[in-house]
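Asker: Have a look at the structure that comes next, please.
The values are calculated or read from the model by the stated rules, or taken from the named source; none is laboratory data. Quick caveat: nothing in here was measured; it's all calculated off a predicted structure. We place every Cβ from the backbone using ideal geometry, glycine too, and count neighbours over all the protein chains shown. Please note that ligands, DNA and RNA were not included when accessible areas were found on the heavy atoms of the full protein model with its side chains. Shrake-Rupley method; radii C 1.70, N 1.55, O 1.52, S 1.80 Å.
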Amino acid sequence: MRLRDCHNFHDFRRLARRRLPGPIFDYIDGAADDEVTHRRNTASFERCDLVPNVLRGVENIDMSVTVLGQKLAMPIYCSPTALQRLFHHTGERAVAAAAAKYGTMFGVSSLGTVSLEELRKAHDTPQVYQFYYHRDRGLNRAMMQRAKEAGVQVMMLTVDSITGGNRERDKRTGFSIPFRLTLAGMYQFGIKPAWGINYLTHERFKLPQLEQHVDMGSGALSISKYFTEMLDPSMNWDDVAEMVRLWNGQFCLKGVMSVADARRAVEIGCTGIVLSNHGGRQLDGSRTPFDQLAEIVDAVGDRIDVIMDGGIQRGTHVLKALSLGAKAVGVGRYYLYPLAAAGQAGVERALDLMRSELERGMKLMGCTAINQLSRENLRFR
């Protein structure tokens, strides 16, 4: 199977599975507990039908949107995700370059493997910095100031990861950074030697956003340990309000799911919220973002940019979310599998397929611009 044989999300996933050692594939692919929420995130779109209009003159299609003050050529962006150079040695560099080519936004994680400064210098497309709130308040301020000085346009605080989710696939393989593998995990690396050769022959793996603050060499810092020991479970609305004031710009909360929290985000001056259950990787059994979207949009959609991510695999999923009132949609696994499969070429192919699906879907819906999508285009079963 080659990249040119990939025509959808599932094809990219299969190719990534062939190329990645099992523990790394499971880190991307897995979710919390029984992974129920992960499955429902996509299944939720199947309960909603599109109702197209015809004879609307759809020769020219405009897919552009403005969200969080940023003009995007299409209404999806690459959500910030951690550890991307584990999936392919180009990591965030590949994702940023692909996003720039297609005129959309990309994100850099606090657990990113390329520095936000390097990416900001390389690309003038909108960049999000995904931030975790640490116990050390000085560290929080320093990291925010660093992002401001680098020219990052959007601060995105993740608020649903105050502790790590119970990701049992990672426990079975011993996935951690640095690696501390079980015998089963070591076997999986042994049968995929190409990944190890690639890993060892490129630049040293690092977490540049954290390397001045976290000693990665003195022991195995697992992802769950980072969440448990370094992040601050006492974080509250007053803390976030202070961050909003300090940032004094586009500030988005990722992981908001309730109307009450959405209203508080407006009150403290946030400019955007992302409805997200972290891809099902945190609280298993939580409601899906798509199912919650209309309720949130009705409550605050006229005062704040409402975005959603979770379960997006098709252009029609994006159109359904936009019809309910989302300003844009974030994708994670949708670009991580192609990144793992083929680096920048994989991410570009995934974004190109999505752009084609969106254009085709809008024509078939009888819409020439995103603002023509509405709930009149939808029916729920």
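Asker: Rounded if a/c is under 1.5, else prolate if a/b beats b/c, else oblate: with a ≥ b ≥ c from the C-alpha gyration tensor eigenvalues square-rooted, which is region 220-350?
Answerer: Oblate shape, in that a/c is at least 1.5 and b/c is the bigger or equal ratio.
Asker: Here's something else I'd like to know. Once you keep just the Cα pairs under 8 angstrom separated by 6 or more residues, what percentage relative contact order results for region 259-381?
Answerer: Reported as a whole number, the value is 22 percent.
Asker: With a/c under 1.5 counting as rounded, go ahead and sort region 27-134 into rounded, prolate or oblate using the C-alpha gyration tensor (a ≥ b ≥ c being the square roots of the eigenvalues; past the cut-off, prolate if a/b is larger than b/c, else oblate).
Answerer: It is oblate, given that a/c is not under 1.5 and a/b is not larger than b/c.
Asker: Give the cross-link partners of Lys148 among the lysines, using a straight C-alpha distance below 29 Å as the criterion and excluding same-chain residues fewer than 8 apart.
Answerer: Of all the lysines, those that pass the test against Lys148 - Cα under 29 Å, at least 8 places apart if same chain - are Lys71, Lys101, Lys121, Lys206, Lys225, Lys254, Lys327.
Asker: Which one, Ser234, Phe380, Met354, projects farthest toward the positive side of the charge dipole computed for the chain from Cβ point charges (K/R +1, D/E -1)?
Answerer: Met354
Asker: Need one number: % antiparallel among DSSP beta bridges in the chain, to the nearest 5.
Answerer: Counting only bridges with both partners in the chain, antiparallel ones make up about 20 percent.
Asker: Stretched out fully, how many nm does the piece from Asp261 to Arg381 gain, at 0.36 nm a residue minus the Cα gap?
Answerer: Between Asp261 and Arg381, full extension yields 40.4 nm more.
Asker: Counting only complete DSSP H runs, which helices of the chain cover 27 Å or more along their long axis at the Cα atoms and score a mean Kyte-Doolittle of 0.5 or above?
Answerer: none
Asker: Please tell me the relative contact order of the chain in percent, rounded to the nearest whole number, where contacts are Cα pairs under 8 Å and at least six residues apart.
Answerer: Here the relative contact order equals 30 percent.
Asker: Work out the length of the dipole vector of region 292-381 about its Cα centre, built from +1 on the beta-carbon of each Lys and Arg and -1 on the beta-carbon of each Asp and Glu, and round it to the nearest 20 debye.
Answerer: Roughly 300 debye, rounded to the nearest 20.
Asker: For region 119-142 and region 9-65, what is the centre-to-centre distance using only Cα atoms, to the nearest Å?
Answerer: Taking the Cα centre of region 9-65 as reference, the centre of region 119-142 is 27 Å away.
Asker: For Val152, what accessible area in Å² do you get when you roll a 1.4 Å probe over the heavy atoms of the protein chains, rounding to the nearest 10?
Answerer: Rounded to the nearest 10, that gives 10 Å².
Asker: For region 1-156, what does the accessible surface come to per residue with a 1.4 Å probe? Please give it in Å².
Answerer: Each residue of region 1-156 exposes 39 Å² on average to a 1.4 Å probe.
Asker: Run lengths n ≥ 4 of DSSP H only: what is the helix-derived mean residue ellipticity at 222 nm for the chain, with -39500 (n - 2.57) per run over all residues, to the nearest 500?
Answerer: Result for the chain, helices only: -13000 deg cm²/dmol.
Asker: Is the C-alpha gyration tensor of region 23-89 telling us rounded, prolate or oblate? Criteria: a/c under 1.5 is rounded; beyond that, a/b larger than b/c is prolate, otherwise oblate.
Answerer: Oblate, because a/c is 1.5 or more while a/b does not exceed b/c.
Asker: State the answer as a single residue: which of Thr125, Met143, Val67 lies farthest towards the positive end of the charge dipole of region 1-148, with beta carbon charges of +1 for Lys and Arg and -1 for Asp and Glu, about the Cα centre.
Answerer: Met143
Asker: In whole percent, how big is the carbon plus sulfur part of the accessible area of the chain, probe 1.4 Å, protein atoms only?
Answerer: 48 percent
Asker: If I model a spin label as a point 7 Å beyond the Cα along the Cα-Cβ vector, how far apart are those points for Ala345 and His10 in nm?
Answerer: Spacing of the two 7 Å Cα→Cβ label points: 2.5 nm.
Asker: On to the next question. Once you keep just the Cα pairs under 8 angstrom separated by 6 or more residues, what percentage relative contact order results for region 313-381?
Answerer: 43 percent
Asker: While we're here: Rounded to the nearest 20 debye, what is the charge dipole size of the chain about its Cα centre when +1 sits on each Lys and Arg Cβ and -1 on each Asp and Glu Cβ?
Answerer: 920 debye
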